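Shown next, in structure tokens, is the structure this report addresses.
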Amino acid sequence: MDDYPRLLINLKKIEHNAKTIIDLASRYGMSVTGVTKATCGDPKVAKAMLKGGVSSIGESRIENIVRLKEAGVHAKMMLLRTPMLSEVKKVVKYADISLNSELVVISRLSEEAIKKGVKHRIILMVEMGELREGVVKKELYPIVKKVLTYKGIELSGVGMNLACLTGVVPTKAKIKEFDSVVLEIEDKVGTKLKIIGGGNSANIPLLLNGHPRSKINNLRIGEGILLGLETVHRTPIPNTYQDAFILEAEMIELNEKPSVPDGEISQNAYGETRTFEDIGTIRRGILGIGRQDVIVDGLKPLDSFEIIGSSSDHIVGQNMPPDVKVGDILKFEPNYGALVNLFTSKYVNKEYIE
């Protein structure tokens, strides 16, 4: 298929990355939930992760879990984003387990599970400083007590999430703090919890350099598998691929043009007022992809040129290679944010390498 822009997806490299990270996690008694949310629940990506050994699939959108199940992906499905009240029926029907932080939501999940005659499993998220989802520690035990009274609900465990919204790092001290929370809850309820979800790809530096022994027995890993990067410093994980996803875009114009616009400058289409350095006439190229498809700042050109601007449907570059001509295909490595947009855009064709 030669329809551009095109995202090349190397499933073997994704499988390899999954195996590498699972080997790291297993040294510390941890299983890995493979997170496919950046790929909008792509079934082939999920199957590659499962071939690599992940224990379950994690998704933030219930629609993507439905997509995975309808595509024949046979795995335990974990809903990562706290369910909306409006989607409770779908969550109970399609998700095997969900992460939760609100009693009103858990209560509704209980009501729906009772109606369906099933048990819905939940992990109660704990606020550990990231200031995204999670029950504050002083309120945790009262909520746990209440949850344990709900029919149709199984409290399978507790979890924490770091390094997503505000960038709080899962340090050894932070993990020790979380451990103390888990131990206190288990002591008060008089039973051990099955799943202790201790984090995500930001835990990988500790897996490489001495993760403290802890209660944590599950990690939710997305970027580490997909792009082979840990998410504290975005450094490559040893023995992983960083190029499982390659974007290809087609050159649609190539001309010698001034480096400074001619006329009065105001806002562009995105409300930005830009300044321009006069470096004379430059060889400017335009690619047929833009901000509607991708976070342009998240693209690393694999050809020697510089991205100098973008609009909804165009990326403009300068200092284009001398042998490039209209119709040629240029390649990019996307970062995680760019990858999310590329999968979300219906205008970007997806091609799989198996």
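Since every read-out is calculated from the coordinates, none of them should be taken as a lab result. Just so it is clear, the model here is predicted, and its values are computed rather than measured. Neighbour counts are summed over all protein chains in view; Cβ atoms, including those assigned to glycine, are modelled from backbone coordinates with ideal geometry.
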Calculated FRET value between residue 275 and residue 8, using beta carbons and R₀ = 30 Å, to 0.05: 0.25
Normalised contact order of the chain, rounded percent, pairs of Cα under 8 Å and 6 or more residues apart: 19
Order of 49, 320 under a 10 Å beta carbon neighbour criterion, fewest first: 320, 49
Unit Cα scatterers, Debye sum, the stretch 150-200: log10 I(q)/I(0) for q = 0.23, 0.30, 0.31 Å⁻¹: -0.90, -1.18, -1.21
Sites residue 86 and residue 118 - FRET efficiency at Förster radius 30 Å, r taken between beta-carbons, to 0.05: 0.90
Gain on full stretching of the segment that runs from residue 183 to residue 329 - 0.36 nm per residue minus C-alpha separation: 47.0 nm
The chain, helix-only ellipticity at 222 nm - DSSP H runs n ≥ 4, -39,500 (n - 2.57), divided by all residues, nearest 500: -8500 deg cm²/dmol
Ratio Rg/Rh [Cα only; Rh per Kirkwood] for the stretch 11-226: 0.95
Set of aspartates and glutamates with alpha-carbon distance to residue 116 below 18 Å, sequence-local pairs under 8 removed: 87, 96, 154
Virtual spin-label span in nm between residue 23 and residue 312, 7 Å along Cα→Cβ: 4.8
Descending semi-axes in whole angstrom, ellipsoid equivalent of the stretch 148-279, from the Cα gyration tensor: 48, 19, 16
Calculated FRET value between residue 297 and residue 173, using beta carbons and R₀ = 35 Å, to 0.05: 0.60
Once the Cα gyration tensor of the stretch 117-168 is diagonalised, semi-axes √(5λ) in Å: 24, 13, 6
Neighbour-count order for 274, 220, fewest beta carbons within 10 angstrom listed first: 274, 220
Where labels lie 7 Å past Cα in the beta-carbon direction, separation of residue 351 and residue 268 in nm: 2.9
Which of 251, 78 has the fewest Cβ neighbours within 10 Å, and the rest in rising order: 251, 78
Over the stretch 37-102 - Rg/Rh using Cα atoms and the Kirkwood inverse-distance radius: 0.95
Normalised contact order of the stretch 154-300, rounded percent, pairs of Cα under 8 Å and 6 or more residues apart: 17
Orientation-averaged projected area, Cα convex hull of the stretch 276-354 (nm²): 6.2
DSSP-defined beta bridges in the chain - what % are antiparallel, rounded to 5: 45
Two-decimal ratio, the stretch 1-74, of alpha-carbon radius of gyration to 2.2 N^0.38 Å: 1.17
Separation of the residue 194 and residue 213 label points, Cα + 7 Å toward Cβ, nm: 2.6
Gyration tensor verdict on the stretch 58-137 (Cα atoms; rounded if a/c is under 1.5, prolate if a/b is larger than b/c, oblate otherwise): oblate
Intensity falloff of the stretch 177-229 expressed as log10 I(q)/I(0), Debye formula with alpha-carbon point scatterers, at q = 0.17, 0.24, 0.26 Å⁻¹: -0.59, -0.93, -1.02
Entries in 37/346; 176/215; 76/145 that, when Cα-Cα distance is taken, lie over 18 Å: 76/145
